[in-house]
Structure formats: C-alpha cells, structure tokens
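The values are calculated or read from the model by the stated rules, or taken from the named source; none is laboratory data. Because the structure is predicted, anything quoted here is derived from the model rather than measured. As a convention, Cβ positions derive from the backbone with ideal geometry for all residues, glycine included, and neighbour counts pool all protein chains shown. Heavy atoms of the whole protein, side chains included, go into the accessibility calculation; ligands, DNA and RNA do not. Shrake-Rupley method; radii C 1.70, N 1.55, O 1.52, S 1.80 Å.
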Amino acid sequence: MTIPPVPYAIAPENAATVSAEEQQFNDLIAADSRIEPRDWMPDGYRKTLIRQISQHAHSEIIGMQPEGNWITRAPSLKRKAILLAKVQDEAGHGLYLYSAAQTLGVSRDLMTDQLIAGKARYSSIFNYPSPTWADMGSIGWLVDGAAICNQVPLCRASYGPYGRAMVRICKEESFHQRQGFEILLELMNGTPAQREMAQDSVNRWYWPALQMFGPPDDDSPNSAQSMAWNIKRFSNDDLRQRFVGMLVPQAEVLGVTLPDPDLRWNEEKGAYDMGEIDWTEFHEVLAGRGPANARRLQRRRDAHNEGQWVREAAAAYAAKQAVKAVA
Amino acid sequence: MSAPGASEKEIWPLWEVFVRSSRGISHTHVGSLHAPDATLAVRNARDLYTRRNEGVSIWVVPADAITTSDPDAKGAFFESPAGKNYRHASYYTKSEGVKHL
C-alpha cells in the first residue's frame, strides 16, 4: 500500500496561516485519534463525511428492496423469518447512519428529499434485479461479503459517530453473509436445476460485487484525501484484491465457479490475478441507467409518500400531548 | 450549533438512546434515533438497538436536552486534575511489596 499525500503537513513558512483549532484537528488526525461532533473540522472533511455517510445510509435503505422481493415467496417459514430479520437489519443500518450524518448538521428530511428526488447516490449494486431465490444467497455471500470487507476498516474511521455506527453494522452483517452462503450451499447440494440456479446467480452478481469497492485507484479522485483524513484506511484495489482472495476458497467449498476466466493464483504476487472489470457498466449504472434504477427509486418515493400521513399524524399527536402536559 | 434534529426543518426530533445491558450495569449510550415523541422513541429504540438481546432497560433523551461542555475550552475546563497524580494510588511507591496495601 502506498502512503497517501498528507495535505495537513504544513511547511513552516505557512504555519502562521493555520488557526489553533485547525492545528488541533490536524494533531488529532496525526495521532489517529477521533473527531467528535462538536469539534472544529474543515468544511471539506464535514462535506466528505456527509456525502459518504448519507450515501451509505441510502444504500442500506434501497438495499432492502432486492431482498424484500422474496419475503412473501421464501421457500419455508424459517427462511422467511430469517429474511425478514435481515431486511429489518438493513433498515436499522440505514437509521444508525442517518443519525450519524445528522450529527454533522444535515437534516434527516433533506437527506430523504435528495434520495427520492434522485439527486443522491447509493451503491450501484442495488440497481440489479433479484429474479431467483438463489439471488438471496448471492446477495448475502457476495454483496454483504463485499460490504463487510469495505466496512470493517470503517470501524476505525476518524469520525467518532460513523465509526461507532460501523461497529454495530459489522457485527450484524456477519450473520447476513453466512446465511447467504448457506442458501447457496443448500442449492448446490440439491437437484441439477437448483445447482444451475445457484451458478447462474453467482454469475450475475460476481462482477457487480467487485465493482462495489469503487473505481480503480488511478481513477478514484477522492481516495487520497479520504485516506489522509483517516476516513478510508485501504485503497479500493487493495480491498477488492483482499475480497477475491477470500472468495476463491469459499467458492471451492460451495462448488460454484467464479465467472472470471482470467482468475488465477500469481505465486510471485502472492495474490490472485483477475480479469478486467467492465467500468463502462459501472458508470452507466451509477448514472441511473442500470437494470432497476428507476424501479428502486419509484418504490422508495411511493413508500415515502404513502407514509406521509403517518409521519404528520405522529408529529401532530406529539405536539398536542406536549401542550396538554404544560396545561 | 444546535443539537442535531432540533432544527425547524425536521418533522421529528432526534433522541439519544441509552441501554442497560443487564442488571447491575449502568445505562450506556448506544446511539441516536428519530421519533415523534418519547413513547415512540422507546419503542423504536427497542426495535433498533435491542434486536439481539442487548438490553433489559432503555432510556431515551431528546438530543436537544443535553448540555455539552465546550470542546474548544477543553484544556482549561479539564485543567484541575492535571498535575495531581497524587490522587492515584500508583503515585505512592514506597509501599511496594508490602501486602494488602
């Protein structure tokens, strides 16, 4: 891993331009300490965090949809209960993260408005459809697996509320990944048709899951700054490499083939070589032209609008009770 | 800066959640949530923060009701204990090796 440039290292002749509060922020970051909501922080740091945490929250909320699709059709009551618990966890993760973003001064309602207006981004992975039950397996194994790989280092993010939310989230995600693995394992031990369904699903989710780590390092303009601020700890490519290294032996246990003909162990590198990722597809999906973008946003918008009377009624009731308590 | 969630722009305020993990242990801050009133805040806190038996009791406090010491005055505010290491048992070394001290 290369050491990122350190923007806060100030040359002595410029030192006078650093205010005391900025110096304190720089010292905390240099000491790998944590920044808390009431601390002074540079505008760029605040904006970067608001963007990252709210996008992360949106991803959790939109991420309920591909799996919500299968709750009513889960193959058994046990599977249905597990899937319900998992989707409930995703909602919880979104809520932890929205609260963390609010500590930076952005309002919950603004974040929601940006999401349903299509102005906010969320992980491109949730713009793929989930047509088969095996997709519940692949989402858990590959999508949640990639998310965990990304999120474990975020538990040490320099912004306290974000790191603390990530600790809770990571604890809960490990159940998600294992249950996905079990779904695929069960199918792979089943009939030829079930094995085919599992393999087909892995084929569809593998590449989008690798794209979850973001663009390659030489095309990731914000990464260096995020690493200098100790928000991000490892580069996109490093995390992707680590993920593939974990997947290969797991795929062997499952008996599925990872759909990359160029995937092979490189003895010299001590890591896997992999094929080229289709970044055109990634940018297309991110730009809103993925297979399910419109459907996902419309569903979210409808749910928000249909819940409006509930939010307003609850607020009105609370206001009325508050008046009564004073009287 | 006003407390998060206290803005007029928010339909519901933010609450800070404290959970007692088991009897005999104090309530510990676990995070925040969004709710219209205290009753619903407690219910939401149960659903959000105790899905895996994390607690036996929950407190919720409006985020707006918490007064914080000024982080910018940290040095001066917490100055008094500094240099007073005689308040710690480890300051007294001559009794080393003496039992039950």
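Scanning the stretch A:64-78 for residues that are touching a residue at least 12 places away in the same chain (Cβ under 8 Å) and either polar (S, T, N, Q) or in contact with a helix residue (DSSP H, G or I) (Cβ under 8 Å, 6 or more places away or on another chain) (or both) yields A:Met64, A:Gln65, A:Pro66, A:Glu67, A:Gly68, A:Asn69, A:Trp70, A:Ile71, A:Ala74. When each of A:Gly180, A:Gly190, A:Gly160 is tested for being modelled with pLDDT of 95 or more, surrounded by fewer than 20 Cβ atoms within 10 Å (Cβ to Cβ) and in contact with an Asp or Glu (Cβ under 8 Å, 6 or more places away or on another chain), the lone residue that passes is A:Gly160. In the set A:Ala146, A:Ala134, only one residue is at pLDDT 95 or above and under 13 Å from the mean Cα position of the chain (by Cα); that residue is A:Ala146. Restricting the search to the stretch A:287-309, which residues are open to solvent by less than 70 Å² (accessible area, probe 1.4 Å) and under 16 Å from A:Asn69 (Cα atoms)? Within the stretch A:287-309, A:Ala292, A:Asn293, A:Arg296, A:Leu297, A:Arg300, A:Asp302, A:Ala303 meet the criteria. The listed residues are B:Ser69, B:Ser26, and the only one of them that is of a type outside the set (D, E, K, R), in a loop (DSSP other than H, G, I, E, B), surrounded by fewer than 11 Cβ atoms within 10 Å (Cβ to Cβ) and at pLDDT 90 or above turns out to be B:Ser26. Contact map, the stretch B:64-82: first residue closer than 17 Å to A:Gln24 by Cα and of a type outside the set (Gly, Ala, Ser), second residue at pLDDT 75 or above and open to solvent by less than 70 Å² (accessible area, probe 1.4 Å), Cβ cut-off under 6 Å, separation 6 or more or different chains; pairs are B:Pro71/A:Asp39; B:Phe77/B:Ser69. On the stretch given as the stretch A:80-124, residues that are in contact with a strand residue (DSSP E or B) (Cβ under 9 Å, 6 or more places away or on another chain), touching a residue at least 40 places away in the same chain (Cβ under 8 Å) and not small (Gly, Ala, Ser) total 4.
When restricted to residues that are polar (S, T, N, Q) and without any contact (Cβ under 8 Å) to a residue 24 or more places away in the chain, the stretch A:206-231 contains 1. Condition first: away from every other protein chain (no Cβ under 13 Å), farther than 30 Å from A:Glu90 by Cβ and of a type in the set (Gly, Ala, Ser). Can you find one or more residues in the stretch B:42-64 that meet it? Within the stretch B:42-64 (the criterion being away from every other protein chain (no Cβ under 13 Å), farther than 30 Å from A:Glu90 by Cβ and of a type in the set (Gly, Ala, Ser)), the answer is no, since none of the residues qualifies.
Within the stretch A:247-281, being of a type in the set (Asp, Glu), surrounded by fewer than 14 Cβ atoms within 10 Å (Cβ to Cβ) and assigned to a helix (DSSP H, G or I) holds for one residue alone: A:Glu252.
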